[in-house]
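Engineer: Below is one structure. I have some questions about it.
The values are calculated or read from the model by the stated rules, or taken from the named source; none is laboratory data. Please read these numbers as outputs of a predicted model, since none were measured by experiment. Quick reminder, even Gly has a Cβ in these numbers, built from the backbone with ideal geometry, and neighbours come from all protein chains shown. Keep in mind that these areas ignore ligands, DNA and RNA; they rest on the heavy atoms of the full protein, side chains included. Shrake-Rupley method; radii C 1.70, N 1.55, O 1.52, S 1.80 Å.
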2 protein chains.
Amino acid sequence: MGYYNYNLTVDKLLDYGSTVYSSKEIVYRDRRRYTFSKFRERVEAFAQSLLKIGVKPGDKVAVVDWDTDVYMTAYYAVPMIGAVLHTVNVRYPPEVMLKTVLHAEDKWAIVRDEFTPLLEKGKAFLGGLKGVITYSDEREKVKTSFPTHDFWELQESGERLPPQEIKEDMQATVFYTSGTTGEPKGIWFTHRDLVLHSMSVALTTSKPPLRSSQDDNFMILVPMFHVHQWGFPYVTMLVGANYVLPGRYDPAMEIELMRKEHVTFSAMVPTILYMILSHPNASKYPEVFKGWKVMIGGSALPTELAYAARKMGINIAVGYGMSETAPVLTVAYYTPEVEKLPEEDRFLQQIKTGVPIPLSQVRVVDEKGNDVPRDEKTVGEIVARAPWLTRSYYKDPERTEKLWKDSWLHTGDLAVVDKYGYIRIVDRDKDAIKSGGEFIPSLILEDIISTHPKVGEVAIVGMKDEKWGERPVAFIVPKGDLKEEEIRQFLLTKVEEGKLQKWWIPDRFVFVKEFPKTSTNKIDKKALRNQLSSG
Amino acid sequence: MGYYNYNLTVDKLLDYGSTVYSSKEIVYRDRRRYTFSKFRERVEAFAQSLLKIGVKPGDKVAVVDWDTDVYMTAYYAVPMIGAVLHTVNVRYPPEVMLKTVLHAEDKWAIVRDEFTPLLEKGKAFLGGLKGVITYSDEREKVKTSFPTHDFWELQESGERLPPQEIKEDMQATVFYTSGTTGEPKGIWFTHRDLVLHSMSVALTTSKPPLRSSQDDNFMILVPMFHVHQWGFPYVTMLVGANYVLPGRYDPAMEIELMRKEHVTFSAMVPTILYMILSHPNASKYPEVFKGWKVMIGGSALPTELAYAARKMGINIAVGYGMSETAPVLTVAYYTPEVEKLPEEDRFLQQIKTGVPIPLSQVRVVDEKGNDVPRDEKTVGEIVARAPWLTRSYYKDPERTEKLWKDSWLHTGDLAVVDKYGYIRIVDRDKDAIKSGGEFIPSLILEDIISTHPKVGEVAIVGMKDEKWGERPVAFIVPKGDLKEEEIRQFLLTKVEEGKLQKWWIPDRFVFVKEFPKTSTNKIDKKALRNQLSSG
């Protein structure tokens, strides 16, 4: 008794949201909806049931699901009892998925019906699982060969959760990221990380141009297995926005939900935006896109796509971060100088990588660790500090040491800074092309090529070169009939306009029907490089 | 080296503000102005000078000043080197002021020229002071009989501050509060308290109806010695608002600054609002009040004053907290239900005590610790938890134990809760009047009396009564000619309207010219009670 040592734990976010925004709703497709206050009751009930079936503090609980209310329940209920939420990447090949479950040493799993066959296939490796919680949308019991509980029964039979002794420095989540390179790395966060990240993101989205508020309806199109869905399942409790969950991604369903639920705020990678805007229904219902606030992240936003979105009245701000950073470090919101610019110039700032969000410290530094000048030319690496960055890779001290060299988190992203202090990523360190000792910024090059009317998607990768070390190769998904000579001429005019160095022009152009994609819908440059080296 | 253990320290707020809002300004009257980035440079220089003259981590540094840029510099520079900012209440009688300096064991003092005589008077008691930093607005050197440094010299000669090893749980501030009762109590806060409080307040003020943003210009009319000026010297760095400092309070100067600096956001106690609105210049420049966002706290807002402010186009939201809570716990911002109400009903919610701000947990409980029903009738005590509440009274374990009874901070404020979950304070515990075993809510009674056109200010206090235990007495500052019978008749009509219980009507009405005020401009009910008991 006496002084209450308040810990920054995720239950505090739910407590706030369900108190002040009690009538706001969580909506799963056209199937289920809960007010925040009802949701809190169900979260507590499910959490209490988890304790009853034997889930212990520190136990890892895997979730294998699309973006549903069940997942959202787990986002709170699992950490609230001191257990660890493992958000399993369902886009991984089955073997990789199982590997992550093994590596995390998961003790429990919450599994949607359609994923249970996967579990059975891996049965031989999953001896560590103490129990599985399954569910189907139709409320049919889903049996497995593991000790099985029904989610709905647990969620309904539980009672009010007694106060838990959880501390803010306890681990709350773990997930695996491969990016576009090699073996998945385990990344983990504490309660405190999640709460502070949420506070900062909520404060940032309340700023212009997004100005999020309780009048917004969120539908986040970042998978829930992907870096806490950028934090929004927690952020929504602070903002007081309705939260729409689309289940398995499907552009037609998403557009339908936008109409029905009056979605006004979303976040996604460029590919998803492209898929929605190019869906036939997008032009049928132009009104749903007017004023739509969209935070874009995950990979570079092609300028052409940004302009197309703007034309439809979409209000875009780019965000940036990585799995290791929970994820948000910067957002391209308005500084006072940028807010005063003419609309066109302001727009060009909104689609850059942005400026630090509150409490995050982000610098672009040269090899000696000095800040690069604000000249939009000098390339440096983005390094960061914030109160929500991962301490270490899970069971991987070697990569951890590299990540935290000199006490700054090294993102491996190369960027320039403009006179307003806005950062702009020009390359991923590992995708960088060094030609004759100088960097060719592949993102800038891609962006320029993407403005050609016959170019659908484009990716630049480096190819070994005897003379120059490396030379760029352009992979292009053309729209209609596109000839190499046409694109070469186009780039030469861009050289004349001063937008491009002549020696950046790729040596080869490879036309393909579609790109290999990673599990998070980014273009898989590693696969493209392999394609090149194998001819 | 390796993982950077990010501490929530006040320098992080300055770093953020001076990076993203570098061109925003801190303005002291018509005398001095700094951009945030220049300000940061001067703060670092001053902090470095403090180290040079021998200020050590843990040293208490008293500040004796009006609301100036010098004070604002100290708000950051002192905690940034691990020293403790003691914000001395300059409205205390000299002897009480000296007592607090002694009790805090201050080692250094930053003193504005006009306050140095006070220091000399207390010389005999101030042997603990190692040095004094003085300044005058005219930049004249101000000598004292202590080892003396000139503020401007220190602020100009210093260099960039090397990274400091300060931890978030280190004490950052201390100050004394007497409220309206007895001996001043020392209250202290850590860096972490200040940072988390700032994040939550910034997020709250960004919500409707205040919707603070970088487009706002703040002028906070809460003295800087008073509970961190409600946190705004730190909050402004997160919001990115210009920050106007009015020096010694003077309504004419304040109105002048509102015009010149286009002030759009302020915070103050009701008395200050009353003083500004009743100043002759207020009616001369009605345009400066249109859309003015004002957070009101510190004591109950009389309905009449609220309506007068509303008529002038002022956008009010009441806030609530106490010295022990850093201070903000609740603000009367809009929940979604309230936002949908007609303007008149919404306004009535805005002037209540409000709902919890993010991360704060506020309940109104009966004697058994159960929440009172949302019936606007049942009176309970406000208790709170938040990550920024004071751990203890400085060197006073006994009062600390009472404060933190049952692990909830006991505010001693009595309140009711309405159907929307808005809290409304009906009395201070120690001001409460218990008559025939039942509470008479003095704030409600005062509020009704204040609506009589001939009543200027009103205060209700309890008087011992043989039969009833206590009976209420009304002290009134009349506007013009007011007779006791008139006010009695008025209250009887209110009884008929169902707004008042007949037995609440005061037994006595005492007409006075003005009220005794506390050092923070609240009506001093203790003095009124003493007046009564001494006849």
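Engineer: So how much accessible area does residue A:511 have, in Å² to the nearest 10, using a 1.4 Å probe?
Structural biologist: The accessible area comes out at roughly 80 Å².
Engineer: Residue A:452 accessible area, nearest 10 Å², 1.4 Å probe?
Structural biologist: 20
Engineer: Now, a different point. Using a 1.4 Å probe and counting only protein heavy atoms, arrange A:153, A:514, B:367, B:261 so the residue with the most accessible area comes first. Write out the running numbers ahead of the final one.
Structural biologist: Values: A:153 100, A:514 145, B:367 185, B:261 30 Å².
Order by accessible area, largest first: B:367, A:514, A:153, B:261.
Engineer: Another one. Which shape class, rounded, prolate or oblate, goes with the range B:417-535 when its Cα gyration tensor gives a ≥ b ≥ c as root eigenvalues, a/c under 1.5 marks rounded, and past that a/b bigger than b/c marks prolate?
Structural biologist: Numbers: a/c = 1.21, a/b = 1.09, b/c = 1.11.
Cα axes put the range B:417-535 in the rounded bin.
Engineer: Give, in whole angstrom and from largest to smallest, the semi-axes √(5λ) of the equivalent ellipsoid of the range B:50-164, with λ running over the eigenvalues of the Cα gyration tensor.
Structural biologist: 21, 16, 13
Engineer: What figure in square angstrom, to the nearest 10, would you give for the accessible area of residue B:228 with a 1.4 Å probe?
Structural biologist: Taking all protein chains as shown, residue B:228 has close to 0 Å².
Engineer: At a 1.4 Å probe radius, which order do B:11, A:507, A:69, B:371 fall into by accessible area, largest first?
Structural biologist: Working: B:11 45, A:507 70, A:69 0, B:371 95 Å².
Highest to lowest solvent-accessible surface, that is B:371, A:507, B:11, A:69.
Engineer: Can you give the FRET efficiency for residue B:429 and residue B:346, using 1/(1 + (r/R0)^6), R0 = 25 Å, r = Cβ-Cβ distance, to the nearest 0.05? Working shown, then result.
Structural biologist: Details: r = 30 Å, r/R0 = 1.19.
Rounded to the nearest 0.05, the efficiency is 0.25.
Engineer: Sticking with this structure for a sec: Check residue B:185: other-chain or 5+ apart residues with amide H under 5 Å from its amide H, H built from backbone geometry?
Structural biologist: Residues meeting the amide H criterion: B:177, B:178.
Engineer: Is the range A:167-255 best put as rounded, prolate or oblate by its Cα gyration tensor, with a ≥ b ≥ c the root eigenvalues, rounded for a/c under 1.5, and otherwise prolate when a/b is larger than b/c, oblate when not?
Structural biologist: On the way: a/c = 2.10, a/b = 1.19, b/c = 1.76.
Note, shape of the range A:167-255 comes out oblate.
Engineer: Turning to a different aspect of this structure: What gaps in nm, shortest first, separate residue A:125 from its twins in the other copies when you place the label 7 Å past Cα toward the beta carbon?
Structural biologist: Between copies, matching label points for residue A:125 lie 7.4 nm apart.
Engineer: What does the net charge come to around residue A:59 if you take all other residues with beta carbon closer than 14 Å to its beta carbon, with K and R at +1 and D and E at -1? List each step's numbers first, then the result.
Structural biologist: Numbers: positive: A:52, A:56, A:60, A:107, A:130; negative: A:105, A:106.
Spelling it out: positives minus negatives among the neighbours equals +3.
Engineer: Using θ = phi - 60° and the Karplus relation 6.51 cos²θ - 1.76 cosθ + 1.60, list the HN-Hα couplings for the range A:313-322 in order, rounded to whole Hz, with x at every Gly or Pro.
Structural biologist: 3J(HN,Hα) across the range A:313-322, in whole Hz: x, 7, 9, 9, 9, 7, x, 9, x, 8.
Engineer: Can you tell me, using C-alpha contacts under 8 Å and at least 6 residues apart, the relative contact order of the range B:31-187 as a whole percent? Please report the intermediate quantities before stating the final value.
Structural biologist: Details: 254 pairs, mean separation 45.2, N = 157.
Across the range B:31-187, relative contact order equals 29 percent.
Engineer: What is the antiparallel percent of DSSP beta bridges lying wholly in the protein assembly as shown, to the nearest 5? Each step should come with its number before you reach the end.
Structural biologist: Values: 95 of 170 bridges.
Restricted to the protein assembly as shown, the bridges split so that about 55 percent are antiparallel.
Engineer: Could I ask something else about it? What are the ³J(HN,Hα) values, in whole Hz, obtained from phi via the Karplus relation 6.51 cos²θ - 1.76 cosθ + 1.60 with θ = phi - 60°, for each residue of the range A:374-381 in sequence order, with x given for Gly and Pro?
Structural biologist: Those phi angles translate into 7, 10, 6, 10, 5, 8, x, 9 Hz.
Engineer: Just for the range A:1-109, what percent of DSSP beta bridges are antiparallel, to the closest 5?
Structural biologist: Values: 4 of 10 bridges.
Counting DSSP beta bridges with both partners in the range A:1-109, the antiparallel share is about 40 percent.
Engineer: Could you list, in their original order, any pairs among A:430/A:499; A:293/B:340; A:340/A:377; B:467/B:522; A:290/A:311 whose Cα atoms are separated by more than 20 Å?
Structural biologist: On the way: A:430/A:499 24 Å; A:293/B:340 22 Å; A:340/A:377 24 Å; B:467/B:522 31 Å; A:290/A:311 9 Å.
Flagged as over cut-off: A:430/A:499; A:293/B:340; A:340/A:377; B:467/B:522.
Engineer: State whether the range B:327-395 is rounded, prolate or oblate according to the following rule on the C-alpha gyration tensor (a ≥ b ≥ c being the square roots of its eigenvalues): a/c under 1.5 gives rounded; otherwise a/b larger than b/c gives prolate, and the remaining case gives oblate.
Structural biologist: It is oblate, given that a/c is not under 1.5 and a/b is not larger than b/c.
Engineer: Which of B:449, B:463, B:482 sits closest to the plus end of the dipole of the range B:432-533, meaning its Cα is farthest towards the positive end, when Lys and Arg get +1 and Asp and Glu get -1 on the C-beta?
Structural biologist: B:463
Engineer: Now for a different question. Just the Cα atoms of chain B, one point each, no solvent: what log10 I(q)/I(0) does Debye give at q = 0.08, 0.11, 0.12 Å⁻¹?
Structural biologist: Summing over Cα pairs of chain B leads to -0.52, -1.00, -1.18.
Engineer: Restricting to the range B:31-187, what percent of DSSP beta bridges are antiparallel, rounded to 5? List each step's numbers first, then the result.
Structural biologist: Values: 3 of 21 bridges.
In the range B:31-187, approximately 15 percent of DSSP beta bridges are antiparallel ones.
Engineer: How far apart are the residue A:533 label points across copies, placing each 7 Å from Cα toward Cβ, in nm, shortest first?
Structural biologist: 8.8
Engineer: So how do B:438, B:337 rank on accessible area, 1.4 Å probe, biggest first, that is with the largest at the start?
Structural biologist: B:438, B:337
Engineer: Taking only C-alpha pairs under 8 Å that are 6+ residues apart, what is the relative contact order of chain B in percent?
Structural biologist: 11
Engineer: Using a cut-off of 13 Å between beta-carbons, work out the net charge of the residues near residue A:197 (Lys and Arg +1, Asp and Glu -1, residue A:197 not included). Before the final figure, lay out each step's value.
Structural biologist: Working: positive: A:192; negative: A:168, A:193, A:324.
Net of charged neighbours comes to -2.
Engineer: Moving on to the next point. Would you give the gap between the C-alpha center of the range B:151-179 and the C-alpha center of the range A:207-221, rounded to a whole Å?
Structural biologist: 37
Engineer: Still on this structure: Placing the label point 7 Å from Cα along the Cα-to-Cβ direction, what are the distances from residue B:348 to the equivalent spots in the other copies, shortest first, in nm to one decimal?
Structural biologist: Distances to the matching label points in the other copies: 5.4 nm.
Engineer: Calculated FRET efficiency, residue B:486 and residue B:169, Cβ-Cβ r, R0 60 Å, to nearest 0.05?
Structural biologist: Numbers: r = 58 Å, r/R0 = 0.97.
For R0 = 60 Å, the calculated efficiency reads 0.55.
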